[in-house]
Amino acid sequence: MKKDKILLAHGSGGKMSHNLIREIFMKYFSNATLEAETDSAILEGRPGWLAFTTDSYVVSPLFFAGGDIGSLAVCGTINDLSVSGAQPVAISASFILEEGLPLEVLERIVRSMAAASVKAGVPVVTGDTKVVEHGKCDQVFINTAGVGWIKPEYRDISYGNKIRPGDKIILNGPVGDHGVTILAARESLDVSSDIRTDSAPLNALIRSVLEAGIDVHFMRDPTRGGLATVMCEIAGKNKLGIDLRENELPVKETVKNICEVFGYDPLYLANEGKVVMIVPENQAEKAIAVLRSHEDGKEACIIGDITHNHPGKVVMKTEIGGSRIVDMLAGEQLPRIC
C-alpha cells in the first residue's frame, strides 16, 4: 500500500485512521484537551456570553504568497470570534481529503495551521477526518468551528446597535491584498513581492483596543465581499449614512494596478487580516494609536464617518472631488478566495 498518499482506508476509522491522527494531527496540534481523545472537547466555563462560529475553506490554490488554506482556516475562525468582542478559547478542525492527496501536502497544511494556532494562543482541541474518492473534492476542504467568551460589556459590539452619527470608521491597514494574492497565484502573475495575503489572527490586536477602554460600537472583518459589503450592511441595518473618502482609503499601488488591469475594485476584494472598527469621534485617535502599536495595525487610519445624511446609503467622495454611491457586491468577483 502506498504510504505517501491519502487512501480511502485513512477515512475508515481503523488502524490507518489512527495512524494518520497520531502521525500528523496529534503531532502538530498536541494539547491536553485534544490528547484526552474524548468525543467532545471539554472546556472550562467562564462568566459572560458564549460566542460560537463555524466556517468552511475551499480556497484554490491551496498555497499562495504568505499563506495557505490551513493558516487561513485558523485565522479566519479566530477573527470571526474576535470581531464579535469575544476572546477566542478553542477551535475545531475537520478535513475532507481526496484520495491520492500526497501526505506531505497534508502535513504542510497542518503544520501551518499549528503555527497560526500557537501565534494566536488558541488551540485546536478537536476535529474529524473524512476521505472521499479521487475526483470527489479538490484535494482538501477544511471546516472549522470556534468558541470564545464575551464579557458583558462587549456583548453589543457585533450587533452594531450603539452606532451613532459622528462615529469614526477605522481600518487597520490596506485592503485587497488577499484577493489580489489569490488572483496572482491562480493566474501565475509575476507581481511585486510586497503583495502577500494579509491573513493573520487579530485577537491580540483587537483585545488591546478593548482593554484600552475604547468604547467600540461595532467591529467586522471584511472578508468575502470586501469593505464595500460591510459598509452597505451597516448603513442598511442601522438606517444611517456612511461617508467614505477615497483619498484616505489605504490600497497598495500594486493592488491598484492589478485591479485596473482586470477591472476589479479594491473595495470589493477579500481581506483576511483586516478589521473595521466604529468608535466614538472623541476616542478615534486613541484607537488609532493603540492599533499602530501592533504589527498588524501599523497602517491603521480613519476612512470615513457615520452621518445623518443619505440614510441607508454609502457615499464615497472621490479623489477628483466628486461623489459616488457604493453598492453591495452583486455576484462573485473572485470565486474560492477562502
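A single member of Asn31, Asn79 is more than 27 Å from Tyr159 (Cβ to Cβ) and among the polar types (S, T, N, Q), and it is Asn31. Exactly one residue out of Glu332, Glu260, Glu253, Glu319 is loosely packed, with under 13 Cβ neighbours inside 10 Å, more than 25 Å from Asp55 (Cα to Cα) and either in contact (Cβ under 8 Å) with a residue 60 or more places away in the chain or not assigned by TED's automatic domain parsing to the domain that holds Ala184 (or both): that is Glu319. Counting only helices (runs of 4 or more DSSP H) wholly contained in segment 212-322, the ones carrying 2 or more residues that are of a type in the set (Gly, Ala, Ser) and touching a strand residue (DSSP E or B) at 6+ places or on another chain (Cβ under 8 Å) occupy 226-238, 284-292. Put simply, of Ile288, Ile337, Ile302 the only residue that is out of contact with any Phe, Trp or Tyr (no Cβ under 6 Å at 6 or more places or on another chain), outside the structural domain of Gly176 (by TED's automatic domain parsing) and surrounded by 13 or more Cβ atoms within 10 Å (Cβ to Cβ) is Ile337. For segment 34-55, check the following and say yes or no: at least one residue is assigned to a helix (DSSP H, G or I) and closer than 29 Å to Val180 by Cα. No; the residues of segment 34-55 include none that is assigned to a helix (DSSP H, G or I) and closer than 29 Å to Val180 by Cα.
Just one residue in the set Asp215, Asp198, Asp243 is within 25 Å of Pro152 (Cβ to Cβ) and either touching a residue at least 60 places away in the same chain (Cβ under 8 Å) or assigned by TED's automatic domain parsing to the domain that holds Lys256 (or both); that residue is Asp215. Inspection of segment 69-82 identifies no residue that is of a type outside the set (D, E, K, R), in a strand (DSSP E or B) and either closer than 22 Å to Gly179 by Cα or at pLDDT 95 or above (or both). Determine if segment 307-326 includes at least one residue that is under 24 Å from the mean Cα position of the chain (by Cα), modelled with pLDDT under 95 and more than 23 Å from His217 (Cβ to Cβ). Checked against the condition, which is being under 24 Å from the mean Cα position of the chain (by Cα), modelled with pLDDT under 95 and more than 23 Å from His217 (Cβ to Cβ), segment 307-326 yields no hits at all. Summed over segment 155-178, residues that are at pLDDT below 95 and not in a loop (DSSP other than H, G, I, E, B) total 0. Yes or no: Ile69 β-branched (Val, Ile, Thr), within 19 Å of Val110 (Cα to Cα), surrounded by 14 or more Cβ atoms within 10 Å (Cβ to Cβ) and out of contact with any Ser or Thr (no Cβ under 9 Å at 6 or more places or on another chain)? Against the criterion (β-branched (Val, Ile, Thr), within 19 Å of Val110 (Cα to Cα), surrounded by 14 or more Cβ atoms within 10 Å (Cβ to Cβ) and out of contact with any Ser or Thr (no Cβ under 9 Å at 6 or more places or on another chain)), Ile69 does not qualify. Among the residues of segment 140-147, is any modelled with pLDDT of 95 or more, out of contact with any Leu (no Cβ under 7 Å at 6 or more places or on another chain), crowded, with 21+ Cβ neighbours inside 10 Å and among the aliphatic types (A, V, I, L, M)? Checking segment 140-147: at least one residue is modelled with pLDDT of 95 or more, out of contact with any Leu (no Cβ under 7 Å at 6 or more places or on another chain), crowded, with 21+ Cβ neighbours inside 10 Å and among the aliphatic types (A, V, I, L, M).
Note on segment 263-283: residues that are under 16 Å from Gly331 (Cα atoms) and not charged (D, E, K, R) total 7.
Among the residues of segment 113-137, those that are closer than 23 Å to Ser40 by Cα, touching a helix residue (DSSP H, G or I) at 6+ places or on another chain (Cβ under 9 Å) and assigned to a strand (DSSP E or B) comprise Val124, Val125, Thr126, Gly127, Thr129, Lys130, Val131. Among the residues of segment 284-297, none qualifies, meaning not one is on the phi > 0 side of the Ramachandran plot and touching a residue at least 12 places away in the same chain (Cβ under 8 Å).
The values are calculated or read from the model by the stated rules, or taken from the named source; none is laboratory data. Just so it is clear, the structure is predicted and the values come from calculations on it, not from any experiment. Glycine gets a Cβ as well: all are built from the backbone with ideal geometry, and neighbour counts include every protein chain shown.
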